[in-house]
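Take a look at the structure below.
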Amino acid sequence: MANEQEKRYENFKAFYPFYLSQHQNITCRRLHFVGSTLIIIMLCYILINSSWLLLWTIPLLGYGFAWIGHFFFEKNKPATFSYPWYSLLGDWVMYKDMLIGKIKF
């Protein structure tokens, strides 16, 4: 039987529990939260100031903080490598869940 990294998910609802299982370390989750918050701040800055050349910072902020969390704290391979779109959605659902207190961070 295929392991979770090799399993193919048919929809996000089936994928999200796996995504959360890859974010059990609180420092990893906090780094995801920081990166996502910085993305929002940077997008606002870019839009307000029409600083389109700064768009390159968006993936750097998001993935940079998240991957540090995975490689140094969670010690696993980011789900982004296997499930890029579901992982992107998972980042924002987890962010929302942390904001509303459903997930501790």
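Structure data summary
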item: Members of the range 34-84 that are among the polar types (S, T, N, Q) and in a helix (DSSP H, G or I); result: Ser36, Thr37, Asn49, Thr57, Thr80
item: Hits in the range 1-35 - residues which are of a type in the set (Lys, Arg), surrounded by fewer than 15 Cβ atoms within 10 Å (Cβ to Cβ) and modelled with pLDDT of 95 or more; result: Lys13
item: Cβ pairs under 9 Å, 6+ apart, first in the range 66-90 and without any contact (Cβ under 8 Å) to a residue 12 or more places away in the chain, second hydrophobic (A, V, I, L, M, F, W, C) and surrounded by fewer than 19 Cβ atoms within 10 Å (Cβ to Cβ); result: Trp85/Phe12
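Okay, residues lined up against (1) under 26 Å from Glu10 (Cβ atoms); (2) at pLDDT 95 or above; (3) surrounded by 13 or more Cβ atoms within 10 Å (Cβ to Cβ):
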position: Thr37; (1), (2), (3): no, yes, yes
position: Ser51; (1), (2), (3): no, yes, no
position: Gly62; (1), (2), (3): yes, no, yes
position: Phe72; (1), (2), (3): no, yes, no
position: Val93; (1), (2), (3): yes, yes, yes
position: Ile103; (1), (2), (3): yes, yes, yes
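The values are calculated or read from the model by the stated rules, or taken from the named source; none is laboratory data. Keep in mind that this is a model prediction, so the values were computed, not measured. Cβ coordinates were reconstructed from backbone atoms using ideal geometry, including for glycine residues, and neighbour counts include every protein chain displayed.
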